[in-house]
Amino acid sequence: MTLRAPAGFAALITAAGRGTRAGGGRPKQWREVAGRPVLDHAIEAFRGFDRIVLIVHPDDMAEALTRYAGTLTIVSGADTRSASVRAGLAALEGQASHVLIHDGARPLVSADVIRGVIDSLQSGAEAAAPALPVSDALWRGQQGQVAGTTPRDGLYRAQTPQGFVLQRIIAAHDAGADAADDVELARQAGMAVVITPGSEDNLKITYPADFARAERILGGAMDIRLGNGYDVHAFGPGDHVTLCGVRVAHDAGLVGHSDADVGMHALTDAIYGALAQGDIGRHFPPSDLQWKGADSAIFLSHAAQLARTMGFRFGNADVTLICEAPKIGPHAAAMQDRICDIMKLEAGRVSVKATTSEQLGFTGRREGIAAIATATLIKD
């Protein structure tokens, strides 16, 4: 939910850095998280402000204008962070009473964090910023070894947005040198800065691994795939059929290049389909004699392993066998166990069931067995 800011409060979002530590070739604020640039998410959190100023690198001005012209005031950044922020503040002079300065590389700032800063400023504070108490032990390192420890009492991890009375922070920038953040400049100017509640989710994207963490928090990383498979085999000479890896006595066998396990074939194709990897024939061509009479567990195992190699886990697998005979019910649990064993899944994720076609069609005439299967794959 977007927070509606009080009248007179403006937002300034910094996005002029190059972010080389994040890797990926492009500046981190323009790389995508959950299908949108990092900067989009940061801006969205402040859409309830009447005035938003965005500071971008000159090289990014064309892209910024394309994406945000008409909705934001876009300012070209300078050689240093402080100079860039000062340029943005100049665009707000006479237009606002307070400003919240936010790092465009923090795409997960919440309304609660923003509200905490606003509330402090409305209560009379001239500066306020969110932070989290340091809870881990702190070491000093030298040449890859621990060289000492530092007490963590009274230490905080700074976050943004950092809020100020507009004219006070403008004066601080005019009087101060370059600084790591605006709180440092504010303190140099003698301003008292109130610490407001931060959030563990309000991370600053700095390193490549931070993108994956942001994806998980936003939920945009989850890739859900649904595949379906269908197979049919005709009856032929024999005294049993193999269905879902289980030998079932019958007065006929099933005709096929491999062991003709119609259930396992349908499920294997469902997995390949979810992965957009074709079908069994692409991976195990029937023209290849080595697969003549092969155990279909080979095919299913390959599909399941391919899914894991591509980064997916299984949500569930469901197989329906369609036939008048043999009776599937007495063997369904064993079939389920066998598929779980091949796919390395717990029993609750696999279903094997059967139905008839009410004596209609080729299955109703007992000419063969059909199977349909569905597989759900998830990438977190």
Query raised in the report: If you take the residues of the range 281-313 that are surrounded by 22 or more Cβ atoms within 10 Å (Cβ to Cβ) and at pLDDT 95 or above, which of them is nearest to Leu377 (Cα to Cα)?
Result: Ala307
Query raised in the report: With respect to Gln336, is the statement that it is at pLDDT below 95, of a type outside the set (Lys, Arg), in a helix (DSSP H, G or I) and over 27 Å from the mean Cα position of the chain (by Cα) true?
Result: no
Query - Selected residue [in contact with a Lys or Arg (Cβ under 7 Å, 6 or more places away or on another chain), closer than 25 Å to Gly190 by Cβ and modelled with pLDDT of 95 or more] from Ala129, Ala96, Ala90 - result: Ala96
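Name the residue, out of Gly229, Gly236, Gly198, that is over 30 Å from Pro330 (Cβ atoms), more than 22 Å from the chain's Cα centre (by Cα) and either at pLDDT 95 or above or not hydroxyl-bearing (Ser, Thr, Tyr) (or both). Talk me through it step by step, then tell me what you get.
On the way: Gly229 fails: over 30 Å from Pro330 (Cβ atoms); Gly236 fails: over 30 Å from Pro330 (Cβ atoms).
After ruling out the rest, the residue left standing is Gly198.
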Requested in this report: From the list Leu108, Leu54, Leu39, Leu100, pick out the single residue that is in a strand (DSSP E or B) and under 27 Å from the mean Cα position of the chain (by Cα).
Outcome: Leu54
Query raised in the report: Only one of (1) assigned to a helix (DSSP H, G or I); (2) closer than 24 Å to Ala125 by Cα is not met by Gly48, so which one is it?
Result: (1)
Query raised in the report: Could you say whether any residue in the range 317-324 is in a loop (DSSP other than H, G, I, E, B), crowded, with 21+ Cβ neighbours inside 10 Å and at pLDDT 95 or above?
Result: yes
Query - Long-range neighbours under 8 Å by Cβ, at least six apart or interchain, first residue farther than 10 Å from Ala105 by Cβ and surrounded by fewer than 14 Cβ atoms within 10 Å (Cβ to Cβ) within the range 19-35, second of a type outside the set (Lys, Arg) and at pLDDT 85 or above - result: Arg21/Thr206; Arg21/Tyr207; Gly23/Tyr207; Gly23/Pro208; Gly24/Pro208; Gly24/Phe211
Requested in this report: Specify the residue that is nearest to Ile195 (Cα to Cα); the eligible residues are those in the range 111-152 that are more than 34 Å from the chain's Cα centre (by Cα) and β-branched (Val, Ile, Thr).
Outcome: Thr150
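Condition check ((1) in contact (Cβ under 8 Å) with a residue 60 or more places away in the chain; (2) of a type in the set (Gly, Ala, Ser); (3) in the same structural domain as Val109 (by TED's automatic domain parsing)) across all residues:
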| residue | (1), (2), (3) |
| --- | --- |
| His41 | yes, no, yes |
| Ala45 | yes, yes, yes |
| Phe49 | no, no, yes |
| Ile52 | no, no, yes |
| His57 | no, no, yes |
| Ala62 | no, yes, yes |
| Tyr68 | no, no, yes |
| Thr73 | no, no, yes |
Report task. Return a yes/no flag: does the range 120-139 have any residue that is among the aromatic types (Phe, Trp, Tyr), under 21 Å from Phe9 (Cα atoms) and assigned to a strand (DSSP E or B). Result -> no
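Counting just the residues of the range 171-183 that are over 18 Å from His98 (Cα atoms) and surrounded by 15 or more Cβ atoms within 10 Å (Cβ to Cβ), which one comes out modelled with the highest pLDDT?
By that ranking, first place goes to Ala179.
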Report summary line: How many residues of the range 1-55 are at pLDDT 95 or above and of a type in the set (Ser, Thr, Tyr)? The answer is 1
Requested in this report: Give the residues of the range 140-166 that are of a type outside the set (Gly, Ala, Ser) and either touching a residue at least 60 places away in the same chain (Cβ under 8 Å) or assigned to a loop (DSSP other than H, G, I, E, B) (or both), sorted by residue number.
Outcome: Gln143, Pro151, Arg152, Asp153, Leu155, Gln159, Thr160, Pro161, Gln162, Phe164, Val165, Leu166
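The values are calculated or read from the model by the stated rules, or taken from the named source; none is laboratory data. Everything quoted here is computed from the prediction, not taken from an experiment. Virtual Cβ from ideal backbone geometry, glycine too; neighbours counted across all protein chains shown.
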